[in-house]
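The values are calculated or read from the model by the stated rules, or taken from the named source; none is laboratory data. Being a predicted model, the structure only gives us computed values, none of them experimental. No Cβ is skipped: glycine too gets one built from the backbone with ideal geometry, and neighbour counts run over all protein chains shown. Areas reflect the complete protein model, heavy atoms only, side chains present, ligands, DNA and RNA absent. Shrake-Rupley method; radii C 1.70, N 1.55, O 1.52, S 1.80 Å.
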Amino acid sequence: MAGMAAMTRASSGLAYPARFYSAAAYVGFDGSADSGKSVTSKFSKDAALLLYALYQQATIGPCNIPKPRAWSPVEQSKWTSWNGLGNMATAEAMRLFVKILEEEDPGWYSRASSFDSKAVEDVEMNHNPNVEPLDENGSALPDIKAIPAENGNLPEALDKDDLPEGSGAVNVYDQWVAPPVSGPRPKPRYEHGAAVIDDKMYIFGGNHNGRYLSDLQALDLKSWTWSKVDVKAASDASSPIGPCAGHTLISWEGNKLLSVGGHTKDPSETLQVKVFDLHSHTWSTLKTYGKPPVSRGGHSVTVAGTTLVIFGGQDANRSLLNDLHILDLETMTWDEMDMLGVAPSPRSDHAAAVHAERYLLIFGGGSHATCFNDLHVLDLQTMEWSRPTQQGEIPSHRAGHAGAAVGENWFIVGGGNNRSGVSETVVLNMSTLVWSVVTNVQGRVPLASEGSSLTLCSCNGEDVIVSFGGYNGRYSNEVNVLKPSHKSSLQTKMETPVPDSVSAVQNVTNATRDMESELETGQEGKSREIVINNIDSQPMGKKGEEGSEDLLLSLKLEKEELESSLNKEKLQTLQFKQELADAETRHVDLYKELQSVRGQLAAEQSRCFKLEVDVAELRQKLQTMETLQRELELLQRQKAAASEQAALTAKRRQSSGSVWGWLAGTPHDQKTDDD
């Protein structure tokens with residue numbers, strides 16, 4: 001199923017290779033002669049062939065047997081599928097086998113009957129005895145319980161004088177607690193979408209036991225009460241939104257929710273953006289322009305100003321992606337960006353955040369066979385990728401984790417790898433790129449799972465992070481809350497020194513400003529500290545102050561030089577823009593002149609054509625006149641001949657009349673008188 005996480009399910013109990021053999025036994029591969037005959041009855045033909053090939057690759061190795069000669073479509077298909085894996089490593093084949101099984105049958109581990117006692121014990125350990133107790137209706141009892149940290153103690157940052165009071169208050173810093181949730185809880189799920197609008201956290205869709213969900217739930221963050229949002233049919237008779245998972249939910253315009261992408265049972269060719277109006281309680285499809293991305297799930301969607309930035313994910317054919325698209329929410333236009341630098345490798349189930357509305361950060365994620373802990377930064381102005389050096393306690397490889405930004409600090413929770421779920425909550429200062437661990441949880445609790453959601457909201461006037469759902473061998477619908485302390489929010493006194501280039505994603509101006517603010521007295525009289533390279537570990541005295549002043553002075557000088565260079569670059573850019581504008585103006589003028597010449601040429605061509613027609617007509621008339629002239633000449637000759645003939649005839653008559661008169665005795669003179 002395309003909506004599964006990119007990595008093998010974390011915290012499901014067994015490590016490799018025992019996990020693979022348990023999965024193989026569940027599928028029906030037990031090594032006997034009849035091994036695998038039941039596979040085709042459980043899975044589709046394509047999935048069964050892929051499972052067979054991966055099992056053979058993992059247990060035997062690359063296909064070295066000759067192609068079957070006898071005509072048998074089944075044997076031919078099995079050989080082709082196995083041979084197509086080439087020299088794939090055994091470990092990769094095992095992991096892919098388990099991944100395909102979990103995509104086809106997500107609950108296989110809990111339903112398997114052939115596991116040994118240790119595996120069953122590991123599954124039972126997924127139950128968290130420290131989560132708040134439930135009453136008969138499945139609601140939480142009204143007491144707040146803290147999720148124990150790894151050392152069993154509360155963090156040092158706890159400040160009792162600043163604790164808010166009242167029902168449902170979060171009374172500890174940097175510690176996950178389970179609030180007193182009431183009301184009908186949503187169905188357990190993972191890979192859902194979550195967003196906060198007006199003191200309510202909305203949950204939409206997700207995956208439960210391999211089935212996509214389409215319900216919309218709301219958690220009142222003041223009373224911690226769940227309720228289901230009634231969805232009405234749209235008046236325009238548009239098709240209702242279907243179940244989906246692996247999508248992203250975004251708050252928009254204060255009264256709308258955007259559901260971007262996600263895996264569905266019947267995927268569309270392009271990525272769809274659905275809109276839920278909290279006033280009319282109706283879903284609709286957002287009308288966009290331009291070329292939208294292909295449909296996908298497991299991608300990241302981050303808000304940068306008035307745009308949505310979409311990166312990576314997995315399409316309906318399980319192909320991993322690393323393309324980047326931007327949707328302008330003002331013009332509703334899609335743009336596929338051409339970027340400089342080396343982009344992150346194709347991946348899904350990663351985390352993304354935007355810092356200072358300019359830098360897009362991508363952390364972790366997974367492919368079909370491995371997961372990552374790399375950090376990539378994209379400058380949204382220059383559209384150039386970079387891979388800066390991470391500092392501090394760098395997190396382990398993971399996929400399916402969740403992230404939420406609180407100011408310049410980016411909190412990462414959960415996720416999993418090939419062995420277990422991730423139990424620590426870490427934070428990255430996006431200005432200094434320094435990691436630190438906020439807290440750890442014990443056991444396989446929902447916080448150490450994949451596909452959970454993490455949202456930032458306000459509780460009693462303070463920022464808190466709310467986690468919901470997830471999958472770690474069992475599906476969760478638990479709610480946990482963490483309130484960042486001043487220590488975690490301001491990222492004070494790191495044991496690992498900050499590099500000389502204070503930030504890979506911030507310019508010298510911001511770095512100087514942050515350095516100055518760190519040396520000043522912070523909120524509520526608490527001093528903010530930061531350790532810099534080349535500063536001794538001895539207590540801050542006069543020497544340390546002088547060193548800090550020298551460092552600040554050098555940074556200011558460097559800032560002035562960079563500002564001067566920046567001004568020169570800006571001036572040169574303005575000159576280039578002016579030259580470009582002049583060239584465009586000349587181009588427009590030349591184009592207009594060309595159009596005018598083309599018009600004149602067309603008119604001349606038309607006039608020439610008319611003249612050619614007139615000449616042809618005149619030639620035809622001339623030929624007609626020549627014919628008439630010849631006919632006239634012929635008639636004149638005929639007339640002349642006729643006149644000559646008439647004169648000759650008259651003369652002959654006169655001559656014959658004189659002879660007959662003489663013969664008759666008529667005198668010539670008398671005849672003349674008679675005449």
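Quick look at the numbers
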| quantity | calculated |
| --- | --- |
| Trypsin sites (Lys or Arg not before Pro) within region 596-644, DSSP loop, no more than 10 other Cβ atoms inside 10 Å | none |
| For ARG358, net neighbour charge (Lys/Arg +1, Asp/Glu -1) across residues whose Cβ lies under 13 Å away | -4 |
| Hz values of 3J(HN,Hα) by residue in region 253-265 - Karplus curve (6.51, -1.76, 1.60), Gly and Pro given as x | 6, x, 9, 9, 10, 9, 9, 10, x, x, 7, 10, 5 |
| Highest to lowest packing among 435-444, 346-355, 569-578, scored as the average C-beta count within 10 Å | 346-355, 435-444, 569-578 |
| Amide H partners (placed H, <5 Å) of LEU324, local residues excluded | MET337 |
| Karplus (6.51, -1.76, 1.60) ³J(HN,Hα), θ = phi - 60°, over region 556-562, in Hz, Gly and Pro reported as x | 5, 4, 5, 4, 4, 4, 5 |
| Of the GluC sites (Glu not before Pro) in region 189-279, those whose Cβ has at most 12 other Cβ within 10 Å and which sit in DSSP loop | GLU253, GLU269 |
| Sequence-distant residues sharing a close amide H with GLU384 (under 5 Å, placed H) | LEU340, ASP379 |
| Interchain or long-range residues, amide H under 5 Å from HIS368's placed H | none |
| Sum of side-chain charges, GLN638 neighbourhood, beta-carbon under 15 Å (Lys, Arg +1; Asp, Glu -1) | 0 |
| Over 24 Å (Cα to Cα) - which of LYS42/LYS78; LYS99/LYS265; LYS42/LYS67 fall in this group | LYS42/LYS67 |
| Residue-wise HN-Hα coupling along region 567-574, computed from phi with Karplus coefficients 6.51, -1.76, 1.60 (Hz; x: Gly, Pro) | 5, 4, 5, 5, 4, 5, 5, 4 |
| Whole-Å semi-axes of the ellipsoid equivalent to region 376-459 (Cα gyration tensor, √5λ, descending) | 24, 15, 13 |
| Prolate/oblate/rounded label for region 175-483 (Cα gyration tensor, a/c 1.5) | rounded |
| Proximal charge balance of ASP277 [Cβ under 10 Å; K/R count +1, D/E count -1] | +1 |
| Accessible carbon and sulfur surface of region 175-483 relative to its total accessible area, %, 1.4 Å | 46 percent |
| Chymotrypsin sites (Phe, Trp or Tyr not before Pro) restricted to region 40-97 and DSSP loop, no more than 15 other C-beta within 10 Å | TRP71 |
| Region 271-348 versus region 243-258: alpha-carbon centroid distance in Å | 12 Å |
| Where the Cα pairs of region 572-633 fall when distances are cut into 5 Å bins, in % | 4, 14, 9, 10, 8, 8, 8, 6, 7, 5, 5, 4, 3, 3, 2, 2, 1, 1 |
| Distance in nm between pseudo-label sites at VAL303 and LYS577 (7 Å out along the Cβ direction from Cα) | 2.9 nm |
| Whether region 265-311 is rounded, prolate or oblate, judged on the alpha carbon gyration tensor where a/c under 1.5 counts as rounded | oblate |
